[in-house]
1. Do we find a residue being assigned by TED's automatic domain parsing to the domain that holds residue B:91, surrounded by fewer than 20 Cβ atoms within 10 Å (Cβ to Cβ) and within 30 Å of residue B:363 (Cα to Cα) anywhere in region B:178-198?
2. Kindly indicate which of B:125, B:115, B:146, B:155 is in a helix (DSSP H, G or I) and at the interface with another protein chain (Cβ under 10 Å from one of its Cβ atoms).
3. Test each condition in (1) surrounded by 21 or more Cβ atoms within 10 Å (Cβ to Cβ); (2) touching a residue at least 12 places away in the same chain (Cβ under 8 Å); (3) within 14 Å of chain B (Cβ to nearest Cβ) for residue A:190 and report the one that comes out false.
4. Given the structure, is residue A:179 modelled with pLDDT of 90 or more, within 14 Å of chain B (Cβ to nearest Cβ), under 26 Å from residue B:98 (Cβ atoms) and in a helix (DSSP H, G or I)?
5. Residues in region B:130-143 that are part of a helix (DSSP H, G or I) and buried (at least 18 other Cβ atoms within 10 Å of the Cβ): how many?
6. May I ask you to list the residues in region B:318-363 that are assigned to a loop (DSSP other than H, G, I, E, B), under 25 Å from the mean Cα position of the chain (by Cα) and within 15 Å of residue B:287 (Cβ to Cβ)?
7. Given the structure, is residue A:242 surrounded by fewer than 20 Cβ atoms within 10 Å (Cβ to Cβ), part of a helix (DSSP H, G or I) and away from chain B (no Cβ under 14 Å)?
8. Restricted to region A:158-175, and to residues that are touching a helix residue (DSSP H, G or I) at 6+ places or on another chain (Cβ under 9 Å) and facing chain B (nearest Cβ under 10 Å), which residue is modelled with the lowest pLDDT?
């Protein structure tokens, strides 16, 4: 019907008797408050006056620099290995693909501390792989900055893989076929056609992985310990500062909050407008 | 519809020649079975015509190497392509919705093939610019596909496929994505490009007009098999299945001929001018049918059947009546005649066809 009747349009704005029921409204507002109040508290109790001094202390800068370095390196590692892994999961069919996919997603739900223990057993000095690294190359991973990167990669890469795999599945595989008929090998088609097409998904996955790596605590402290300047990232610094210098902990937390908000702002088109 | 007359009636026979396409495409996929033999000489344009789901696109994908052959053979210019991956086949494809790479400009889309086949960036872009120019798209070289109209996209897709100098050009429903107005213009343009193309072109379509305008030879595919092949005019005159008869707008029946009579498998007999014996087809166009409300007394038509109106629809400026009864047939009449006869679904009618209006040919 194309007759322009106004009544239904007005009714859609607010149908009589169709308000939000209290049984839903009350818990919804409680939930919202529960999520917001701690953040507000952080802002209220922040030592604003001493903040410049807190944030310019070398300890804070060391932790922040280390955090950014390790999270970015972990994200880069996740991209290098995770994008091909996502392609493998989305575009090929091999026996046990479902199982591999489940194993890839396991670190998403695994408590990070368990991940740290597992990393120690694998890459520790006496670990399954680590003993050979030590014996053959003299490489020791636990309690080093490299260890931090590995722990962060372990927990962050699944986020990237899942995000990129979803984008790949949504992307039309016939573009790769079109590339093939033009003479592109599978790897050329991936590089010149698929990769640009899924770039937004890769970017979103990378930001997600980076944020996860930045906040990583459990696996890092288990596998790499907490040595200032070497393995003490921001979250570890916050936790330790809280015990003897709460004001410093709050200042550090504010920095992480600011970073998180920046990440969210960067992702808003992808995540916040999704209905 | 009489189709487009082509002066050359010859059907090439490249079986012995090394040049061109010689294929038998067999694809088994569960309940679907495709078995289609295709042969064409360089310069030929062959149309695979058939209803949706007939297997036309599967045949095209098999030619391109995107769908593996279960069995059969595939030779292009004497080279066996069965084990050749798609990227190494000298085959160009224009996909139904073109599949232009959305992140590349028109120029880079066309340059993609030459680049992949070893040309340097500058050379590939120069060649692409040449192709776009030939397609009349020089000023759109820097446009991204989303900025191009349907007709322009189709030309970019054609340029992209041709830029690799394929020995076999495949077009999947090349005009299906276009609106009626653009279609006319693009069809004429595509016909010129295909006529100028020196290697084999195979196009897939479900539109008989596209097939007849663009192709020298039609291969009609139904349920994975070839039911008829020949020149457009040949197929338009002598349809061999219900589907083709409907496509070209003919009533078609199968029966046993005995002199000037064909006794139809469906029941009644049809008088014809041809003198035949054995299995035969009889065809007549819907506008050869005259309808009467009462049994006509003085009609000279020897073919007279008692029918009932099953449905009516407008067909151009005519009314097409679908009739059932002694013989199921379609009849075209003017709106005035339909009104005078008071034709309604369920109304009885007598249908008459003169013998001179029928056409019988061996089955």
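The values are calculated or read from the model by the stated rules, or taken from the named source; none is laboratory data. Keep in mind the model is a prediction, meaning the values are calculated, not measured. We place every Cβ from the backbone using ideal geometry, glycine too, and count neighbours over all the protein chains shown.
1. No.
2. On the way: B:125 fails: at the interface with another protein chain (Cβ under 10 Å from one of its Cβ atoms); B:146 fails: at the interface with another protein chain (Cβ under 10 Å from one of its Cβ atoms); B:155 fails: at the interface with another protein chain (Cβ under 10 Å from one of its Cβ atoms).
After applying the criteria, what remains is B:115.
3. (1)
4. Working: modelled with pLDDT of 90 or more: yes; within 14 Å of chain B (Cβ to nearest Cβ): yes; under 26 Å from residue B:98 (Cβ atoms): yes; in a helix (DSSP H, G or I): yes.
Yes, satisfied.
5. Summing the residues that are part of a helix (DSSP H, G or I) and buried (at least 18 other Cβ atoms within 10 Å of the Cβ) in region B:130-143 gives 3.
6. Scanning region B:318-363 gives a single hit, B:358.
7. Working: surrounded by fewer than 20 Cβ atoms within 10 Å (Cβ to Cβ): yes; part of a helix (DSSP H, G or I): yes; away from chain B (no Cβ under 14 Å): yes.
Judged against the criteria, residue A:242 is a match.
8. Quick first cut of region A:158-175, residues touching a helix residue (DSSP H, G or I) at 6+ places or on another chain (Cβ under 9 Å) only: A:158-173, A:175.
Now drop any that are not facing chain B (nearest Cβ under 10 Å), which leaves A:172, A:175.
Working: A:172: 89, A:175: 95.
Among those residues, the one meeting the criterion is A:172.
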